[in-house]
Amino acid sequence: MALNSKEALLKALQLSPDLDDEVISQNISAIITVAVDDETYQPSLKTVYDSILQYHGGPVFLEPLDVLPHLLRCRREEAVDLISLISENSSPKEVLIVVQEALEQITQLAREDEAEEESEEEYAPGSVRALINVIVLSTKSLPRLTLGKRTALSAVSPLVSGVISAVSSLGRDFTLDSGRSLFEEVSRMSQAFYTWIIKTGSEANAAEARELITLLLDTTVLACASCIRASLCARAFEMHYPRLTLTSTIEPGWQEGEHAILSVLTTLRVMNLSPQDVPTMSSLIMLAHEKESYPLLKDLSSKFHSMLVTSIQMNFALDESLFLIFRCVTQDRTQPDLPPDLATSLCVVLPALASTHLDPFIRHFSLRLIALILARLPSVFQQQILITLASGAELPQMRAAAVGLLKEFVLDALQIPALSGEQNVFASPLLIRSFGPILFRTMPSDYLSRVQVADDIEKSLEPSRIAEVLSFYYVLLQRDKDNKTGIRDPDNIASVESSLLRPLRSFLEKWSNTTANPILSVISLQIGLERIDYAVQTIRSR
């Protein structure tokens, strides 16, 4: 309900009842200026907002040129309310002047902060808040501008360019909440501007607007990619592998991040555009969140191949990139196999994540992705990639994991009959010929003789690799009852005994007797060796 009189408004703001309109505006500007910096000041910003809102002529007393520079840097909700009130009622020309000056100042200060990092913490939050407030202000105010001989595009272009520069300059300063807010406010502004342009301008104007707004969206997505955090991979993993999920790694509040990036996708649809139209890093991020359509394997290979690899190498937008790969390799199996060039390049970069990434979930998910990718390849390509992973010196952490993957493919090959005319290398003598020289020895070859103290065993990755090899050998002896791989041949059994088991047996006897405290990895190897001895003895007795 509106206040009955100007006197009531002045009373609420603690102003003299005999002031004229110009002095009232000056006093309100002074109140706002002080209240922005002093939350205890009376009348407060909330009192000013409530009083002006209730008086039917109240917004006329707000002077954009005087109050906006102070309000824009304020984070409080009542400041945003006043900004919104000004954007809907005050002169768009005056608002535009403030907006342009604010954008220039934000960009300049952000660049100065980059050179003088000591001032970054002091100003960055204020700059981010000011930018978001500028966007809120512009969204409602600019489309109210009387165009005259100008076009809406000519009015919008400098402002959008200014926002692009500001977003780029502040990219490192966005927090989780401010980055998500920026997504939504940029999307609202973009839709409002585009609607205004197509209503008042030509198709050529609309085409140029689409290009400009797309650049703004791209810039925003790249600057705030780390603020999305919608747990795409964790949600997909828990849905596909519920039995493997012991503790959920889905982030609290992931829905807000998903909602924020979906607002950008909505803006693209308003302009009849799709993330797949122009393959860029930002469109890759958006595509991962697209619900209605997503690329087939051939599109991922032809359009986004280099972006996926770069994203993984740079540890940028990792959730989106890994999820896209996961979604493509787990989609309808009637789709063609994964293109070998894409599979090969992914199996070069993913092992680094699976081996060294700080997040245990990312390591586990990356390893699962490698397995899924290999499963979509012919056995010849699987063999080549697994040989590289099992023997690689650069990522010793992957050698044990590669043996585990090999075991999975061998077991599958032994269970599933080969197609007519096709030989699966994992269910043939080629398995032992290609993998035997890699698996059935230590890495390095003199590892067992190098070990001098218990610490050498506990800090080394080699015992875990040998344990995986022993497990693989035992399972193969047990499951390959038809001896498709030749693993049960006396010559092969003797070769494994000579190259690995006999030296290992001597090593374990030494360390089992010389240490006061049991070494878990030594116990594990001992158990694995005993199982193999029993399996070999059983085979020989038949």
Cβ-derived FRET efficiency at R0 51 Å, Leu176 paired with Ser391, nearest 0.05: 0.75
Rounded Å value of the spacing that divides the Cα centres of the stretch 350-407 and the stretch 469-487: 21 Å
Which of Phe472, Ser445, Thr266, positive extreme of dipole for the chain (C-beta unit charges): Phe472
In the stretch 330-411, trypsin sites (Lys or Arg not before Pro) in a DSSP loop with at most 16 other beta-carbon atoms within 10 Å: Arg333
Chain lengthening between Glu7 and Asp456 when straightened (0.36 nm per residue, less Cα-Cα): 153.0 nm
Solvent exposure of the chain as accessible area per residue, Å², 1.4 Å probe: 48 Å²
Extension reserve of the Ile416-Val23 stretch, reckoned as 0.36 nm per residue once the Cα distance is removed: 132.6 nm
Inter-label distance, nm, simple model (7 Å from Cα along the C-beta direction), Ala494/Phe361: 5.4 nm
With Cα atoms, 0 to 90° folded angle of helix 379-391 axis to the chain main axis: 90 degrees
Estimated distance in nm for a label pair at Arg433 and Ile527, the labels positioned 7 Å out from Cα along Cα-to-Cβ: 3.7 nm
Cys residues of the chain counted as unpaired, since no other Cys beta-carbon is under 4.7 Å: Cys74, Cys233, Cys328, Cys347
Quotient of Cα Rg and 2.2 N^0.38 Å for the stretch 122-173, N being how many residues it contains: 1.32
Debye, to nearest 20: dipole size of the stretch 455-542, +1 on Lys, Arg Cβ, -1 on Asp, Glu Cβ: 340 debye
Gln478-Ser226 FRET efficiency (beta carbon distance; Förster radius 41 Å; 0.05 resolution): 0.30
Of all accessible heavy-atom area on the chain, the percent that carbon and sulfur account for (1.4 Å): 53 percent
Listed pairs Lys149/Lys199; Lys407/Lys484; Lys11/Lys46; Lys199/Lys291; Lys6/Lys46; Lys407/Lys481 exceeding 20 Å between Cα atoms: Lys199/Lys291
Cα-based convex hull, the stretch 245-387, per residue volume (Å³, whole number): 122 Å³
Alpha-carbon spread of the stretch 134-276, three principal axes, descending order, Å: 66, 30, 20
Label point distance in nm, Lys93-Arg502, each placed 7 Å from Cα along Cα→Cβ: 9.9 nm
Modelled FRET efficiency - R0 51 Å, Val348 with Asp37, Cβ distances, 0.05 increments: 0.40
Loop-resident sites, the stretch 2-52, for GluC sites (Glu not before Pro), counting at most 13 other Cβ within 10 Å (DSSP): Glu39
Among Ile32, Leu508, Ala371 - extreme Cα towards positive end, dipole of the chain, charges at beta-carbon: Leu508
Normalised contact order of the stretch 121-266, rounded percent, pairs of Cα under 8 Å and 6 or more residues apart: 30 percent
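The values are calculated or read from the model by the stated rules, or taken from the named source; none is laboratory data. The model shown is predicted, which means the values in this text are computed figures rather than measured ones. So basically every Cβ, Gly included, is an ideal-geometry build from the backbone, and we count neighbours across all protein chains shown. Note: accessible area is taken over every heavy atom of the protein model, side chains too, but ligands, DNA and RNA are not part of it. Shrake-Rupley method; radii C 1.70, N 1.55, O 1.52, S 1.80 Å.
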